[in-house]
Structure formats: structure tokens, C-alpha cells
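This report refers to the structure that appears directly beneath it.
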Amino acid sequence: MQDNRPVVQLGDAALSRTSGSSTRQSSRYLALNIIIASLIAGLLAGATVALALKLWMMFVGWISFGTGRDDLGRGSTAIVALLIGLILGIGGIAAVVALQSTLGVLALPVVVVVSAILALSSQMTPINSVPSYFLGMTAFFASNLEPGVPAFLSLASAAFIGAIGGTLVILCGRWVSRLA
């Protein structure tokens, strides 16, 4: 029995295990999608650096958007969750600082538990993208930026550039698949 599942999926193009001309055609379109996605990544990386934003955060935004699985609406929801995660991270740091005088070393674990409850509870809301909430919180903690609006704006701007990359890859993938 032959396995006809795709080996590689990018946008609407897939490289499959089947043989013949359809596989060669799919391979060409997949190759075109890979080249387009790589060019988009390179251009947006350059733009991110030129804007003095954190390059790694651009890719975090792209990854977050990608959790929407080639769906622009779910990708947008994931970016909103990422931004909320950034806010939770900023609020979490502020809460740890405020609670340290009272709770001492327990301040951090208490804030982490509350933040995790909030992120995991998102499954019961329209903004259901748990990985993106955690990506946002983790990204803020990893940034070593001072909590506040400037940190949020810097990280959110880089994330939006990543979301633009994810959007362009989906749209270009759809265009390439129409060529088939």
C-alpha cells in the first residue's frame, strides 16, 4: 500500500510521496514557495535590524503567527495572544517586584502560577492560542528590558513584522498554488 500523505507542506503546496509528473510539478511549486518564504524572511530580517528592533522577536512573531496553521484569522488571533502574553510578562515582573517585600522568594512562583492560569484559561475565550501567550511572556522575560510601554512597543513592533512575514508567505503560497 502506497503512502500518499505529504512529506513537506508549505502553504497550499506539498511535496508528496507519489511518483510521476504531479510530484515533479508539486516539487517545483514547493521549491518556489521555499524560495519566496526565504526571500521574505531575509527582507524582513533586514528591515527589523534597520529599525533597531530585536531580530529574534521578529521570528517569535512569525512563529506565533504560524501557529494559526496557514489561516490568516487564526494567525491574527495568535498575534493578539502574543501581545497579551507580552503584557502578562510585563505585569508579572512588576508583580514580582511588588510582592517580594511581602512574599520573599515565593513572589516569583506565585506570579508564575497566576500567569500560567491566565494563559491556560484562554482556551475558554475567543483568543485561544496558548502557545502564543507563553511565547509572549517568555519573550518579555528573555528580552531583559525594563517593564513598561517602551519595551512593549519595541517587542510588539518586531512581532508585527514577523506576522507580516507569516501573512505574506500564506498569500504567496496561495498565489503559487493557483499556478498549478
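Below are the figures for this structure:
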quantity: Residue satisfying condition, being crowded, with 21+ Cβ neighbours inside 10 Å and of a type in the set (Ser, Thr, Tyr), within set Ser101, Ser129; calculated: Ser129
quantity: Subset tally (residues that are outside any helix (DSSP H, G or I), in contact with a helix residue (DSSP H, G or I) (Cβ under 6 Å, 6 or more places away or on another chain) and not polar (S, T, N, Q)) for segment 125-179; calculated: 3
quantity: Residue in segment 106-118 that is under 28 Å from Thr167 (Cα atoms) and surrounded by 23 or more Cβ atoms within 10 Å (Cβ to Cβ) present; calculated: no
quantity: Enumeration of residues in segment 56-82 that are more than 19 Å from Ala119 (Cα to Cα) and under 10 Å from the mean Cα position of the chain (by Cα); calculated: Met57, Met58, Phe59, Trp62
quantity: Residue that is nearest to Val169 (Cα to Cα), among those in segment 10-54 that are at pLDDT below 60, of a type in the set (Gly, Ala, Ser) and not in a helix (DSSP H, G or I); calculated: Gly11
quantity: Qualifying residue in segment 149-165 (condition: small (Gly, Ala, Ser) and modelled with pLDDT under 95); calculated: no
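The values are calculated or read from the model by the stated rules, or taken from the named source; none is laboratory data. A quick note: this is a predicted structure, and the numbers were derived from the prediction, not measured. Cβ: placed from backbone, ideal geometry, glycine included. Neighbour counts: every protein chain shown.
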